[in-house]
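This report concerns only the one structure given below.
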Amino acid sequence: MINNSGTRPNKYIKFIDLSLKTVQSFRLNLYSCKYSKRVYNQHQLRVLVLLKEYISTDYRDFVELIDLMSNIKEKLDLDKVPHYTTLQKFVFRIPSSLFNLILSKTLKLFYSHGENASITAIDATGFTSSYASHYYSRRTGKLRRSFLKTSIAVDTDKKVILGWKISQKTDHDVKHAKALIRQSNKSRKSECYVLDKGYDSEKIHVLIREEIKADSIIPVRKRKRKKVRGKYRRKLYLNFDKIKYNKRNIAETTFSVVKRKFGEVLRARKFYNQVKEIKIKLIVYNINKKVVEIVCI
C-alpha cells in the first residue's frame with residue numbers, strides 16, 4: 001500500500017498502529033491503580049512490550065533503541081522512554097489470562113463479524129528455557145532445562161493463530177488438544193480440524209464431531225492384528241481426505257516463522273513469565289501477519 005507521499009508505510013509504525021488498535025479495543029483502566037505515578041499508561045506499556053518482541057531484543061537494548069526513535073516516541077506520546085525494569089515489572093504484573101484476551105482481539109484484524117474458519121490445523125512444538133548452548137551443556141555435563149510444550153490452532157486459509165495451550169510438562173498431545181480445540185472454537189468456529197497421527201483418538205473425534213459440531217481428519221495409526229476401534233476412526237480408515245489433511249503443514253510453518261523471526265530461546269527465568277513470553281511471541285506473529293499484508297499491497 002502506497003501512502004499520500006508516494007512511499008510505502010514503515011512496518012514498525014504500522015505495527016504500533018495495529019498494536020494500539022488491539023490493546024485499546026477492550027476496556028481496561030489506563031492506570032493500574034489510583035496511586036499510580038501516571039508517567040506511562042498501560043496502553044503505552046503493552047505496545048512497548050509487543051514491540052520489544054517484534055524487534056526481538058532484550059529489555060536493555062530495546063529501551064536504548066526506542067530512545068533514538070523520535071517517530072515511535074511521538075506515535076506513543078512518550079515524553080521519555082521508560083527504564084527497562086519498568087517494562088519487566090509491568091510484564092510480571094500482567095495476569096497471563098489477559099494475553100488470551102489480547103489474542104482474541106487480534107483476530108478482529110482478519111475476520112468480519114460472524115466469519116468462521118474453514119480448516120483449523122493443530123500442532124505442537126517446544127520452546128527452550130535454557131541460555132546454555134548444546135556444546136556448553138555437553139562440555140560441562142550440566143543438563144539443559146526442559147522445553148515448554150506449546151500447542152497452537154491455526155486457520156490454514158488466513159494463517160493466523162486462533163488459540164494456544166502451554167505447559168511445562170510434556171503432556172500427551174491428546175490432553176493438549178482437548179483444551180485447545182475448545183479454546184479455539186470459542187475464538188473462531190471452524191468447519192474442520194486437521195491433526196497429525198499423534199492425536200489419533202476416538203475421544204478427540206467425539207469432541208470435534210459431537211460437541212463442536214465440526215469435521216475431524218486425523219490419520220489412523222495402524223497396528224498389526226488389531227481392529228480399528230471407534231466409529232469415527234473406522235470411517236477415516238476407509239475414507240481419508242488427504243487434500244484437506246495436507247493443510248496441517250501450515251501449523252508447522254507457523255511455528256517455523258515464529259521461531260525464526262522472534263526466537264526459540266526464552267529469556268525469562270521463571271515459568272509463569274516464560275508462558276507470557278511465548279504468548280507475546282504468538283500475539284506478535286498475528287499482528288505482524290497483518291502488517292505484512294498491508295505493507296505488501
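The values are calculated or read from the model by the stated rules, or taken from the named source; none is laboratory data. This is a predicted model, so every value here is computed, not measured. All Cβ positions, glycine included, derive from the backbone under ideal geometry; neighbour counts span all protein chains shown. The accessibility values were calculated without ligands, DNA or RNA, using every heavy atom of the protein model including side chains. Shrake-Rupley method; radii C 1.70, N 1.55, O 1.52, S 1.80 Å.
Just to be sure, is residue 102 within 25 Å of residue 293 (Cβ to Cβ) and touching a residue at least 60 places away in the same chain (Cβ under 8 Å)? Yes, satisfied.
Does any residue of segment 91-99 turn out to be over 26 Å from residue 258 (Cβ atoms), part of a loop (DSSP other than H, G, I, E, B) and open to solvent by 60 Å² or more (accessible area, probe 1.4 Å)? Steps first, answer last, please.
So the first thing to find is which residues in segment 91-99 are over 26 Å from residue 258 (Cβ atoms), and the list is none.
Within segment 91-99, none of the residues are over 26 Å from residue 258 (Cβ atoms), part of a loop (DSSP other than H, G, I, E, B) and open to solvent by 60 Å² or more (accessible area, probe 1.4 Å).
Residues in segment 34-65 that are β-branched (Val, Ile, Thr) and under 19 Å from residue 281 (Cβ atoms): 47, 49, 55, 57.
The residue that is surrounded by the fewest Cβ atoms within 10 Å (Cβ to Cβ), counting only those in segment 158-191 that are of a type outside the set (A, V, I, L, M, F, W, C) and in contact with a Gly (Cβ under 6 Å, 6 or more places away or on another chain), is 183.
Return yes when residue 87 is at pLDDT below 90 and either closer than 29 Å to residue 266 by Cα or acidic (Asp, Glu) (or both) and no when it is not. No. If the condition is being part of a loop (DSSP other than H, G, I, E, B), closer than 23 Å to residue 12 by Cα and open to solvent by less than 70 Å² (accessible area, probe 1.4 Å), then segment 24-53 contributes 25, 26, 40, 41. Residue pairs whose Cβ atoms lie under 6 Å apart, sitting 6 or more positions apart in sequence or on different chains, and linking a residue in segment 55-67 that is aromatic (Phe, Trp, Tyr) to a partner that is open to solvent by 40 Å² or more (accessible area, probe 1.4 Å), are 59/84; 59/88.
Can you spot a residue in segment 256-270 that is open to solvent by 60 Å² or more (accessible area, probe 1.4 Å), more than 23 Å from residue 149 (Cβ to Cβ), free of Cβ contacts under 8 Å to residues at least 40 places away in the same chain and not in a helix (DSSP H, G or I)? There is no residue in segment 256-270 that is open to solvent by 60 Å² or more (accessible area, probe 1.4 Å), more than 23 Å from residue 149 (Cβ to Cβ), free of Cβ contacts under 8 Å to residues at least 40 places away in the same chain and not in a helix (DSSP H, G or I). Residues in segment 133-157 that are among the polar types (S, T, N, Q), in contact with a Ser or Thr (Cβ under 9 Å, 6 or more places away or on another chain) and either surrounded by fewer than 22 Cβ atoms within 10 Å (Cβ to Cβ) or at pLDDT below 80 (or both): 137, 146.
For segment 220-241, a residue qualifies if it is within 18 Å of residue 193 (Cα to Cα), among the basic types (Lys, Arg) and open to solvent by 100 Å² or more (accessible area, probe 1.4 Å), and the qualifying residues are 231, 234, 235.
Within segment 198-205, is even one residue among the polar types (S, T, N, Q), closer than 30 Å to residue 113 by Cβ and buried (at least 17 other Cβ atoms within 10 Å of the Cβ)?
No, segment 198-205 has no match at all.
Enumerate the pairs (first residue in segment 27-52 and touching a residue at least 24 places away in the same chain (Cβ under 8 Å) and among the β-branched types (Val, Ile, Thr); second residue anywhere and outside any loop (DSSP other than H, G, I, E, B) and open to solvent by 20 Å² or more (accessible area, probe 1.4 Å)) with beta-carbon separation below 6 Å, excluding pairs fewer than 6 apart on the same chain, so at least 6 apart or on different chains. Listed by first residue and then by second, the contacts come to 47/20.
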